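Trainee: One structure coming up, written as C-alpha cells, with questions to follow.
The values are calculated or read from the model by the stated rules, or taken from the named source; none is laboratory data. In this text, all values refer to a predicted model and were calculated from it rather than measured experimentally. All Cβ positions, glycine included, derive from the backbone under ideal geometry; neighbour counts span all protein chains shown.
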Amino acid sequence: MRILKISLSFIIAVILSSCMSVIKKEEVGILSGPGNSTIVNSGTVRVGYNEELIIYSTRWENHVEKVDVITQDDLHIDVVASIIVRPVKEKILDVHLNIGKDYYQKIVKAEFRTAIRNIMTGYQMIMISKKSQTIEDEIKDLVARKLANKNLEVSDINIDDINLSPKILQAIEDKIARQQELETMHYDMKIAQRNEEIAKMKAKTESEVEIIRAEKEDQIAKIRVKTEAESDIIRATARSKAQKLVNAHLTPSYLKLKAIESHYKAFESPNSKIIFIPIGKDGLPAYVNINDKMFANPGEGNTKGKQPLPATSEE
C-alpha cells in the first residue's frame, strides 16, 4: 500500500511538472487558449491542458545574408551582410497574431536582401569600400522604414565581406590602371603647360630687364656726354681766365727778370759749358765759360777775352 502511494505521488508530480514552464528575463511568453491569447512575463508559468505557451526572445538577434549585387558599373559581386533585429517588446502580441514567431524568415529577410540590392546598385565597385559606412546607414534606414509598421526594429547593419571573381578583379585592376595612366597624362600635361607659362614669363621678364638696362645705359651715356661737355667747357673757361690773368701780368721787365733767372740756373748746372745770352740793342750774344768760374769771387780767375754779364736794370 505504501509503495502504491509513493508511485501515485511520483506520477502526479511528473504530470504537474510537465505543465509548468519558465520564462527567462529576456523573453516574453504568449499563452494561447481556445479563442484567447495573453502575454506572460518572465517567471514560472503553468500551462493548462488545452493551452499553448509560445516564447519570444526580446534580445537582439544577428542574421547573415549573402546577396548577389550588380553595381553601377555593371560588375557582379557577392555581398555578405548582417542585420541585428528584434520585435518590439510591447508589441509582441501583435507580431504573434499578424506574423508569427518566424518573423525574420517571413518579413525581415526579404526586406533586408532587397535593400542591399537597391542601395548598392547605385555605387560603382571602386567606391563601395570607400563609402561602406554611408552604404550601411542607407540600407539600415531603408529596412527600418519597411519594418516600422510590422512592429520590428533594427539595431545595426554591417557589410561583412564582398566577394569578386578573378575575372572581375582583373577587370577592376585594368580599369584602375587605365584611370591612373590617364590621371598621370593629365598631370604631365598640366606640368608641361605650367613650365611653358613659366618660360614665357621668364622670357618676358628678361626682355623687360634688357629694355630697362638699355634705357638706363642710354641715360647714363647721355649724362656722361653732357657731364664731359660741361667739364670741357668749364676747363676751357678756366684756361681762358687763367691765360687772361697771366697775360695781364706779363710785362717786358717781368719777362727779362725771368729770363735772367733761368740763365743763372743754367750756369749752376755741371753739364753746362757755354751759354749764349742775347744782350744789347743789336741782339748780338755774349758767351760765358762756366768752367772759369768768373762769378766765383770778384777779381779772381782769368777774365781775358771774356765779357762780364751786364747788370740788369729795373724799369
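Trainee: If you scan region 122-139, which residues turn out to be hydroxyl-bearing (S, T, Y) and touching a strand residue (DSSP E or B) at 6+ places or on another chain (Cβ under 6 Å)?
Mentor: S132
Trainee: Residues of region 38-52 being surrounded by 14 or more Cβ atoms within 10 Å (Cβ to Cβ) and modelled with pLDDT under 80, which ones?
Mentor: S42, V45, V47
Trainee: Could you check how many residues of region 129-174 are free of Cβ contacts under 8 Å to residues at least 24 places away in the same chain, within 20 Å of V67 (Cβ to Cβ) and among the small types (G, A, S)?
Mentor: 1
Trainee: Test each condition in (1) part of a loop (DSSP other than H, G, I, E, B); (2) within 47 Å of the chain's Cα centre (by Cα) for V64 and report the one that comes out false.
Mentor: So the condition that V64 fails would be (1).
Trainee: For the structure I just gave you, tell me whether K130 is over 30 Å from R59 (Cβ atoms) and either in the same structural domain as Y103 (by TED's automatic domain parsing) or surrounded by fewer than 12 Cβ atoms within 10 Å (Cβ to Cβ) (or both).
Mentor: For K130, the condition - over 30 Å from R59 (Cβ atoms) and either in the same structural domain as Y103 (by TED's automatic domain parsing) or surrounded by fewer than 12 Cβ atoms within 10 Å (Cβ to Cβ) (or both) - is met.
Trainee: I168 passes all but one of (1) surrounded by 15 or more Cβ atoms within 10 Å (Cβ to Cβ); (2) within 30 Å of Y103 (Cβ to Cβ); (3) aliphatic (A, V, I, L, M); which number fails?
Mentor: (2)
Conditions (1) closer than 18 Å to N163 by Cα; (2) modelled with pLDDT of 95 or more; (3) loosely packed, with under 14 Cβ neighbours inside 10 Å, marked per residue:
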| residue | (1), (2), (3) |
| --- | --- |
| I54 | no, no, no |
| I70 | yes, no, yes |
| I77 | yes, no, no |
| I84 | no, yes, no |
| D94 | no, no, yes |
| K106 | no, no, yes |
